[in-house]
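Reviewing the structure listed below.
The values are calculated or read from the model by the stated rules, or taken from the named source; none is laboratory data. Please read these numbers as outputs of a predicted model, since none were measured by experiment. No Cβ is skipped: glycine too gets one built from the backbone with ideal geometry, and neighbour counts run over all protein chains shown.
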Amino acid sequence: MAEKKDIKTILRRNKIKPPKKEKVKISNPIDFRSFIPLLIFLLVVLIVGYKLFFSKNNVPSTDSIINSGVEEIQRGNLDEAGKKFEEILKKDSGNKEAVYNLALIKYIKKEYEEAISEFEKIAKRNPNDGNPYNILGNIFRDKKDYDQALLKYREAIKLDASLVQAYINMADVMNIMGNKKGAREIIDEGLLKNPENERLLSFKEIYAEKE
């Protein structure tokens with residue numbers, strides 16, 4: 001019995017008690033005022049980033065500049081239009097529309113030799129496009145070099161049989177030269193390639209009245 005009591009006493013005496021909980025003391029409360037400079041800095045960064053983002057996205061696109069330039073041409077503000085196309089070429093020297101419209105401005109200004117040079121370059125770079133030859137025909141017509149004008153119109157039609165304006169321009173030059181029969185034949189040729197085209201039909205009536 002004594003041994004059992006000794007064992008119980010030993011067990012009791014060696015029983016492990018849970019440690020007492022210690023209160024956590026907060027030495028210093030958080031001072032949010034210390035974060036104010038950081039918050040101001042982050043706010044400035046956000047504002048600057050916002051402005052940079054929208055300034056980049058507000059840059060006019062190439063298409064919008066070209067459209068604006070064309071509108072200036074239509075208003076007769078040729079110098080202003082030229083500046084817009086030159087602005088595009090500074091960033092994209094091969095932009096076809098800008099090059100074309102600058103050449104067109106030279107033609108409108110009656111700078112014929114420069115315009116001819118520019119449109120011939122355009123024609124070489126666009127061998128399947130009849131439009132440059134149609135414009136060249138107009139330039140030579142305005143210079144009263146009618147034979148060259150007819151050659152250019154014919155080249156335009158050869159490249160693009162649907163280019164109705166080239167037929168009309170060619171017929172007009174023939175009419176100026178006194179070749180009314182030739183003018184009617186060109187209009188008829190255009191109608192063969194573009195049947196029922198209203199513009200060609202109207203010119204057919206005009207030249208028929210001149211018989």
For Asn95: the one exception among (1) of a type in the set (S, T, N, Q); (2) in contact with a helix residue (DSSP H, G or I) (Cβ under 8 Å, 6 or more places away or on another chain); (3) within 30 Å of Met177 (Cα to Cα):
(3)
Selection within segment 62-88 - assigned to a helix (DSSP H, G or I), more than 12 Å from the chain's Cα centre (by Cα) and surrounded by fewer than 18 Cβ atoms within 10 Å (Cβ to Cβ)
Val70, Glu71, Gln74, Arg75, Leu78, Asp79, Glu80, Lys83, Glu86, Glu87
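On the given criteria, is Lys144 at pLDDT 95 or above, at positive phi and either in contact with a Gly (Cβ under 7 Å, 6 or more places away or on another chain) or of a type outside the set (Val, Ile, Thr) (or both)?
On the way: at pLDDT 95 or above: yes; at positive phi: yes; either in contact with a Gly (Cβ under 7 Å, 6 or more places away or on another chain) or of a type outside the set (Val, Ile, Thr) (or both): yes.
For Lys144, the condition - at pLDDT 95 or above, at positive phi and either in contact with a Gly (Cβ under 7 Å, 6 or more places away or on another chain) or of a type outside the set (Val, Ile, Thr) (or both) - is met.
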How many residues of segment 108-137 are among the aromatic types (Phe, Trp, Tyr) and crowded, with 20+ Cβ neighbours inside 10 Å? The answer is 2
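When you check Ala115 against the structure, is it at pLDDT 95 or above and over 29 Å from Lys204 (Cβ atoms), yes or no? Can you show your working first?
Values: at pLDDT 95 or above: yes; over 29 Å from Lys204 (Cβ atoms): yes.
Here the answer is yes, as Ala115 does meet what is asked.
Of the residues Ile122, Ile88, which single one is under 18 Å from Pro60 (Cα atoms) and either out of contact with any strand residue (DSSP E or B) (no Cβ under 8 Å at 6 or more places or on another chain) or not β-branched (Val, Ile, Thr) (or both)?
On the way: Ile122 fails: under 18 Å from Pro60 (Cα atoms).
Residue meeting the stated conditions: Ile88.
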Please find, among Asp188, Asp160, the residue that is surrounded by fewer than 24 Cβ atoms within 10 Å (Cβ to Cβ), touching a Lys or Arg at 6+ places or on another chain (Cβ under 8 Å) and either in contact (Cβ under 8 Å) with a residue 60 or more places away in the chain or of a type in the set (Asp, Glu) (or both).
Asp188
Qualifying residue in segment 110-131 (condition: touching a residue at least 24 places away in the same chain (Cβ under 8 Å) and on the phi > 0 side of the Ramachandran plot)
yes
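Quick one: how many residues across segment 191-200 are free of Cβ contacts under 8 Å to residues at least 24 places away in the same chain and surrounded by 14 or more Cβ atoms within 10 Å (Cβ to Cβ)?
Here is the first cut: in segment 191-200, the residues free of Cβ contacts under 8 Å to residues at least 24 places away in the same chain are 191-192, 195-196, 198.
Restricting the remaining residues to those that are surrounded by 14 or more Cβ atoms within 10 Å (Cβ to Cβ) gives 191.
So the answer is 1.
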So, Phe140, is that one touching a Pro at 6+ places or on another chain (Cβ under 7 Å), closer than 25 Å to Asn77 by Cα and assigned to a helix (DSSP H, G or I) or not?
no
